[in-house]
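What follows draws every value from the coordinates through simple rules; no lab data is involved. Every value quoted in this text rests on a predicted model; they were computed, and no experiment measured them. Cβ coordinates were reconstructed from backbone atoms using ideal geometry, including for glycine residues, and neighbour counts include every protein chain displayed.
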Amino acid sequence: MRRLPLVFLIACLGSGSAWAFFDDKEARRQIADQKIQTDARFDQQARAQLELSALIQRQAEEIARLRGQIETLNWELEQAKKRQQDFYLDLDSRLRRFEPQVAEQPAAAADPTAGPAAAIGGTANPAQETAAYDAALELFKATKYKEAAAAFAGFVEKYPNGSLAANAQYWLGNAWYAQRNCTKAIEAQSQVVSRYPASDKVPDALLSIATCQQELGNRNGANRTMEGLIEKYPSSPAADKARERLKKK
């Protein structure tokens, strides 16, 4: 009877050792599984970081490409503006060759009391008027816009009724626009419309006003100006440009 407890004790001890063996094996398996899962997560995160890095790199390259395109377009736009400006300047010079020139009046020049009145009318000495206009135009061609604005303003003040007054007023507006002063440009071009309504510069002045209104954020005003331009001067090149702009709205 005393041997039974001993056998039972040995059996229990043997069973505990077996359970300990199986518990250790299971723990190692779980550790191995966790390591595999952790490695898999690390690999996934590493791939995600690489993909994100590649995406950032592609976006940086795309931004650089777009920036280059923008710079190219800005350069092309400036060149187009310069070509258009040169075209108008050349056209202005060509048209003036066909304008009738008023002959000098020596008698008026000889009369001391006729000098100021002759200067105001701008017809006593057309050679001086033309020289003053050409000098202002040369400043504009040389991109000396501040000096050109002052020269054109002085010309209009001295020859308000001269044959080139409307042209000078128009280029005064362009000189202000070239200085990125749209408020002054609108004021100058509005004078072309109000003071010289018969001038062929009026349609271009209206288009310039609309351009400045757009740049100042007044789209409704710009649209109304262009619509008025098309209504009053439907056959002018400026009206054609206004139609193109309105179609793009």
**Complete:** Expected sort for 40-51, 173-184 on mean C-beta neighbours within 10 Å, highest first, is 173-184, 40-51
**Projected area, mean over directions - the stretch 130-249, Cα convex hull, nm²** = 7.0 nm²
**Modelled FRET efficiency - R0 41 Å, Leu246 with Lys158, Cβ distances, 0.05 increments** = 0.60
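What's the ranking of 191-201, 129-139 by average number of surrounding C-beta atoms within 10 Å, highest first? Each step should come with its number before you reach the end.
Details: 191-201: 16.1, 129-139: 18.5.
Most protected by this proxy first, the peptides run 129-139, 191-201.
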